[in-house]
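Engineer: Just passing along the structure, written as structure tokens.
The values are calculated or read from the model by the stated rules, or taken from the named source; none is laboratory data. Because the structure is predicted, anything quoted here is derived from the model rather than measured. For neighbour counting, all protein chains shown are included, and Cβ atoms are generated from backbone atoms with ideal geometry for every residue, glycine included.
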Amino acid sequence: MCTAGYEKNKSTGLAPYFLGIRADALVEQGNYQEALALLESMTNSLPTSSALYYPYKTKYALIKLDHVDDQEKTAALNELQSLAYDASNSNADYALYYLGEYFWQNNETEQAVKTWRDLESTFKSDTKNGQSPWALLAQYKLQQTVYES
């Protein structure tokens, strides 16, 4: 259905969203390489001003971190770090949270704590939009590290 939707709308601004939906379905089916190709195509066709550009770029980096070889994993980590600290990324809080998760899962506790503290300090008092839900999750994770230390 997504392929048909894409084909029918490929000359419109709606087309990339069909790629994203299809990529999500492929991830659920465990077809990571094809999902990555679709996500790359999707983000290449989206303007950076799109509300979904940065979340899908982050998703792309996260999938690569979990499902590629070590050489590509380094590039994916660099991409995630770049997204997390990109001032123009309207969803940097999302990238920062999952960057901290990556470090946590790889037993790099100090780096995880630093990343979550960066997230907490940068997004804690966003009075325009309220507090970031990712910053709240980071606060919870930081509290866990105190109890586990």
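Engineer: Between residues in the range 69-89 that are in contact (Cβ under 8 Å) with a residue 24 or more places away in the chain and residues that are loosely packed, with under 13 Cβ neighbours inside 10 Å and not in a helix (DSSP H, G or I), which pairs lie under 8 Å by C-beta distance while being six or more apart or on different chains?
Structural biologist: If the second residue must be loosely packed, with under 13 Cβ neighbours inside 10 Å and not in a helix (DSSP H, G or I), the pairs left are SER88/THR48.
Engineer: Take the conditions crowded, with 19+ Cβ neighbours inside 10 Å and under 24 Å from GLY13 (Cβ atoms) and apply them to LYS59. Does it pass?
Structural biologist: On the way: crowded, with 19+ Cβ neighbours inside 10 Å: yes; under 24 Å from GLY13 (Cβ atoms): yes.
So LYS59 fits the description; yes.
Engineer: For the range 52-73, enumerate the residues that are assigned to a helix (DSSP H, G or I) and within 12 Å of GLY20 (Cα to Cα). Give the steps one after another, and end with the answer.
Structural biologist: If we filter the range 52-73 for residues that are assigned to a helix (DSSP H, G or I), which is where we start, we get 53-67, 70-73.
If the condition is that a residue be assigned to a helix (DSSP H, G or I) and within 12 Å of GLY20 (Cα to Cα), then TYR53, PRO55, TYR56, LYS57, LYS59, TYR60 are the ones that fit.
Engineer: Can you find a residue in the range 3-11 that is within 28 Å of LEU137 (Cβ to Cβ) and of a type in the set (Gly, Ala, Ser)?
Structural biologist: Applying the first criterion (within 28 Å of LEU137 (Cβ to Cβ)) to the range 3-11 yields none.
No - not one qualifying residue is present in the range 3-11.
Engineer: Could I ask something else about it? Does LYS73 qualify as being among the basic types (Lys, Arg) and under 12 Å from the mean Cα position of the chain (by Cα)?
Structural biologist: On the way: among the basic types (Lys, Arg): yes; under 12 Å from the mean Cα position of the chain (by Cα): no.
Answer is no for this residue.
Engineer: Being under 16 Å from TYR102 (Cβ atoms) and in contact (Cβ under 8 Å) with a residue 12 or more places away in the chain narrows it down to one residue among ILE63, ILE21; which is it?
Structural biologist: Details: ILE21 fails: under 16 Å from TYR102 (Cβ atoms).
Selected residue: ILE63, the only one of ILE63, ILE21 that is under 16 Å from TYR102 (Cβ atoms) and in contact (Cβ under 8 Å) with a residue 12 or more places away in the chain.
Yes/no per residue for (1) surrounded by 16 or more Cβ atoms within 10 Å (Cβ to Cβ); (2) over 22 Å from the mean Cα position of the chain (by Cα); (3) under 19 Å from LEU52 (Cα atoms):
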site: MET1; (1), (2), (3): no, yes, no
site: TYR6; (1), (2), (3): yes, yes, yes
site: SER11; (1), (2), (3): no, yes, yes
site: LEU14; (1), (2), (3): no, no, yes
site: PHE18; (1), (2), (3): yes, no, yes
site: ALA23; (1), (2), (3): yes, no, yes
site: VAL27; (1), (2), (3): yes, no, yes
site: GLU34; (1), (2), (3): no, no, no
site: LEU38; (1), (2), (3): yes, no, yes
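Engineer: What is the number of the single condition among (1) assigned to a helix (DSSP H, G or I); (2) more than 22 Å from LEU99 (Cα to Cα) that SER49 does not meet?
Structural biologist: All conditions are met except number (1).
Engineer: Looking at ASN89, ASN107, can you tell me which residue is under 22 Å from GLN131 (Cα atoms) and not in a helix (DSSP H, G or I)? I'd like the intermediate steps shown before the answer.
Structural biologist: Values: ASN107 fails: under 22 Å from GLN131 (Cα atoms).
When all the criteria are applied, what remains is ASN89.
Engineer: Sticking with this one: Please enumerate the residues belonging to the range 7-25 that are at pLDDT below 80 and part of a helix (DSSP H, G or I).
Structural biologist: GLU7, ASN9
Engineer: Would you check if there is a residue in the range 118-128 being at pLDDT 90 or above, under 25 Å from TYR53 (Cα atoms) and acidic (Asp, Glu)?
Structural biologist: Step one: of the range 118-128, the residues at pLDDT 90 or above are 118-119.
Adding the requirement that they be under 25 Å from TYR53 (Cα atoms) leaves 118-119.
Then drop every residue that is not acidic (Asp, Glu), which leaves 118.
Within the range 118-128, one or more residues are at pLDDT 90 or above, under 25 Å from TYR53 (Cα atoms) and acidic (Asp, Glu).
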